[in-house]
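Have a look at the structure below before the remarks.
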Amino acid sequence: MSDATADPYDALLLLSFGGPEGPEDVVPFLENVTRGRGIPRERLEEVGQHYFLFGGVSPINEQNRELLAAIRADLAEHGVDLPVYWGNRNWAPYLTDTLRELTADGRRRVLVLATSAYASYSGCRQYRENLAESLAVLVEEGLNPPRVDKLRHCFNHPGFVEPMTEGILAALAELPEEVRADAQLVFTTHSIPTAAADTSGPPEVHGEGGAYVAQHLDAARTLTERVAEATGTRHPWQLVYQSRSGPPHIPWLEPDICDHLTALHAGGAAAAVMVPVGFVSDHMEVLYDLDTEALARARELGLPAVRSATVGADPRFVAGIRELVLERAATERGAEPVRCALGPLGPSHDLCPVGCCPARTAKPAAAGADSPYV
C-alpha cells in the first residue's frame, strides 16, 4: 500500500465557524452563534457593527473556500485520493447538511480538520459536540452516518510554524530600520474565560492556563527562537489576548492587546510586531480587533506597530494538513509514522481523552474517547 493513501478514510471534512456574507446575514448569524444565551436582538445589532464596517461580510467563508481549493489541489498533486467537504458551525454550508451529503455519497470514515490549532472548549470540544449533534439528527432521520475522527492540533507542526515565522520576518522588515532590532513581538490569541483555560486539554494538564496557554506559549517560544536564528536578534516577547466577549464579572485571560500596547509605549518600547499566533486566517477577529482597534491604539500612542500574516492557504500549511492526514491514516492502519512537531511539547494526542476541555454542561461529543459514535 502506498504511503500516499488515506485509507481507511474516504473523506476529509473542513469544519469551521462560519460567518455572514452580506448585511442581511449579520444578525441571523449572531443569533446562531449566541443561541440559548438569551441575548436581545438590540445587543446583537450593536455587536454586528463590527461586521457592518466590512459591508456585513466576514472574510472567513471566502478564506475557507481558498483553503478548500488549495487542499484539494495539493492532495491531487501528491496522488492522495481523498474528496474534501466543508461544513460550518454557524452559517452555510451547515455541518448537518454536509454530513447528510457525506452519508448520501456513501462515505464511511471521515477525517475532520477544524480551523483551530489549539486545545480549548470552543476550539475543539465544541466542534466535537457539534459533530455529535449533527450525527444524532441523521440517526433520527433513519440514516447511517459515517464515523468521524479529528486531526490532532497543529500549533507546533512545521506546516504551521514555518509560514508564521516568515510572516514575522516580513512584518519586521516593514518597520523603520532604526526601530527594527528593538521591536517587541506581541503574540496574540483569542481570550477565553480563565476557568475554560484551566480545564483545557487532557485532565493531567489541567491547572493554571491548562493546555490552551501552554500550547500558545510553546508556539510563541518556538517562533521567537526561529526569528532569532534568522535575524541574529532575540526580540522580547509576550503572549497577550484579544476579542473578549464575556460579562465583566467573569475572569478572562489577560492582558488585552490594547492594554499591552499602552504598557509597551509607557515602558519605552521602540516598536511592536503583533503576531496572531492563535488564528489560522485573517477572519473578523484579526481584521477588526487587530487591524482596526489595536493598530489605531498604536497610532494614538505613536508606537510603530505592524501585524504579521496568518497561515491562511499558504502552501506549507496546506502540505502540513496533508502530512497530518497521512499520519493519522497510517496510525489507524497500525503503523507508527513520524509525528512531526517543533518545540518541547511534542505532538498532541490523536484521540481526545475523557475529561478533555469539558463543557459547563455535559453534552455528547464525537471524535473522542467518550464518543457515542464509534
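For the chain, the longest principal axis of the alpha carbon atoms and the long axis of helix 210-231 meet at an angle near 60°. Maximal additional length on extending the F52-D7 stretch stands at 11.8 nm, based on 0.36 nm per residue less the C-alpha distance. Here the stretch 270-314 is scanned for amide nitrogen atoms under 18 Å from the site 7 Å beyond the Cα of D259 along Cα-to-Cβ, giving 289-290, 293-295, 297-298.
Just the number, please: percent antiparallel of the DSSP beta bridges in the chain, rounded to the nearest 5. The answer is about 5 percent antiparallel. Summing Lys and Arg as +1 and Asp and Glu as -1 over all other residues whose Cβ lies under 14 Å from the Cβ of E140 gives a net charge of -1. For the stretch 72-101, the residues whose backbone nitrogen is under 18 Å from a point 7 Å from the Cα of E141, taken along Cα to Cβ, are 85-101.
Beta bridges from DSSP with both residues in the stretch 1-149: antiparallel share about 5 percent, rounded to the nearest 5. For the chain, the 222 nm mean residue ellipticity estimated from helices alone, with every DSSP H stretch of n ≥ 4 adding -39500 (n - 2.57) and the total spread over all residues, rounds to -12000 deg cm²/dmol.
Which percent of the Cα-Cα distances in the stretch 1-139 go past 17 Å? Spell out each step's value before the answer.
Working: 6233 of 9591 pairs.
So the portion of pairs separated by more than 17 Å is 65 percent.
Tilt of helix 315-332 relative to the longest C-alpha principal axis of the chain, in degrees (0 to 90, nearest 10)? In the chain, helix 315-332 runs at an angle near 40 degrees to the longest axis. The long axis of helix 95-104 is offset from the longest Cα principal axis of the chain by roughly 30 degrees. Shown in residue order for the stretch 64-78 are the 3J(HN,Hα) couplings computed by the Karplus curve 6.51 cos²θ - 1.76 cosθ + 1.60 at θ = phi - 60°: 5, 4, 5, 5, 4, 5, 5, 5, 4, 5, 5, 4, 5, 4, 9 Hz (x for Gly and Pro).
For the stretch 204-275, the alpha carbon positions stretch 42, 35, 17 Å along the principal axes, listed from largest to smallest.
Out of every Cα-Cα pair in the stretch 220-374, what percent are more than 18 Å apart?
Working: 8625 of 11935 pairs.
Cα-Cα pairs in the stretch 220-374 separated by more than 18 Å: 72 percent.
Springs join every pair of Cα atoms under 10 Å in this Gaussian network model of the chain, and among R307, R125, R108 the largest mean-square fluctuation is at R108. Direction-averaged projected area, Cα convex hull, the stretch 158-307: 9.3 nm², rounded to one decimal.
Shape analysis of the stretch 317-373 based on the Cα gyration tensor places the equivalent ellipsoid semi-axes at 25, 15, 11 Å, largest first.
Other residues with beta-carbon under 15 Å from the beta-carbon of R109 carry, at +1 per Lys or Arg and -1 per Asp or Glu, a net charge of -1. Under 16 Å from a label point 7 Å along Cα→Cβ of A181: give me every residue in the stretch 204-229 with its amide N that close. So the set is 228-229.
Taking V325, V80, V240 in turn, the Gaussian network model of the chain (Cα-Cα springs below 10 Å) assigns the largest fluctuation to V80.
Once you reduce the stretch 93-156 and the stretch 31-76 to the center of their Cα atoms, the two points are 19 Å from each other. Please compute, over every Cα-Cα pair in the chain, the percentage with a separation greater than 32 angstrom. In whole percent, the long-distance tail amounts to 32.
No lab work stands behind these numbers, since they all come straight from the coordinates. These numbers were taken from a predicted model, which means no experiment stands behind them. FYI the Cβ positions are ideal-geometry reconstructions off the backbone, even for glycines, and counts take in every protein chain you see.
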